[in-house]
Amino acid sequence: MGLIRRITHYLFVHDDPQPADVILLPGSPFAEPAERAARLYRDGFAPFVAPSGDCWIFHRRGQEHRSECAILSGILRGAGVPEAAIVREGRARHTLDNARLTRAALDGAGVPVKTAIICCQSFHARRCLKAYRRYFPAAKLLVCPTPTRGFDSTNWYRTPIGVFKVCTEL
């Protein structure tokens, strides 16, 4: 197996969606993961979606600070996810925080998690799976990622941004 194929196989984890207790949505500067989470919610795969994140990417000078969680929640609501189905976590600064603080938010909301779907950027799939496994050790975790930035598992090695982003995950 060649190097590109081994890297692709390792990083670009992907599962078919199955019924779950919650859809986990780690912070992202892109709408695609939230849009995928909303589709899975509307298709009946889980009764809750848990967006996470408070990242500097969304901070603009002279504008009110809005967390990733707030922006992702807005995308979810705009895509048909009702407010009552959104369990927010708006303090995470990195992927491990997303998992740890989302776990606390779900526990606080009384949402038991035996099975969860992670919706993330496709090249973040392995990192997200490892982080969420740490804080959801007894749960079955499914990764249903989505491409962003114009690349995915089939073409990441053909674009400079794809090579850069994938190499930062190794």
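The values are calculated or read from the model by the stated rules, or taken from the named source; none is laboratory data. All values reported here derive from a predicted model rather than from experimental measurement. Using ideal geometry, Cβ is built from the backbone for each residue, glycine included, and neighbour counts are taken over all protein chains shown. For the accessible areas, the whole protein counts, side chains as well, though only heavy atoms, and no ligand, DNA or RNA atoms are used. Shrake-Rupley method; radii C 1.70, N 1.55, O 1.52, S 1.80 Å.
The relative contact order of the chain comes to 28 percent, based on Cα pairs under 8 Å that sit 6 or more residues apart. Hey, what angle do you get for helix 95-108 against the long axis of the chain, alpha-carbon based, 0 to 90 degrees rounded to 10? Orientation of helix 95-108: about 20 degrees from the principal axis.
Relative to the longest principal axis of the C-alpha atoms of the chain, give the angle of the C-alpha long axis of helix 68-78, reported between 0 and 90° and rounded to the nearest 10°. Taking the Cα atoms of the chain, the angle to 68-78 is about 80 degrees. In order along region 15-28, phi translates into HN-Hα couplings of 10, 6, x, 9, x, 9, 7, 7, 9, 8, 10, x, x, 7 Hz, rounded to whole numbers, per the Karplus curve 6.51 cos²θ - 1.76 cosθ + 1.60 with θ = phi - 60° and x for Gly and Pro. Ligands, DNA and RNA left out, the 1.4 Å accessible surface of the chain is 53% carbon and sulfur atoms. Largest to smallest in accessible area, the residues 16, 152 fall in the order 16, 152 (1.4 Å probe, all protein chains included). Looking at the chain, the accessible area is 50 square angstrom per residue; that uses a 1.4 Å probe and ignores ligands, DNA and RNA. Helix 125-135 versus the longest principal axis of the chain: what is the Cα-based angle in degrees, 0 to 90, to the nearest 10? It works out to around 40 degrees. Using every pair of distinct Cα positions in region 7-123, the Kirkwood expression returns a hydrodynamic radius of 14.3 angstrom.
Restricting the calculation to alpha carbons of region 1-46 gives Rg and Dmax of 13.8, 39 angstrom. Cβ-Cβ distance of residue 138 and residue 30, R₀ of 25 Å, FRET efficiency by 1/(1 + (r/R0)^6): the value works out to about 0.25.
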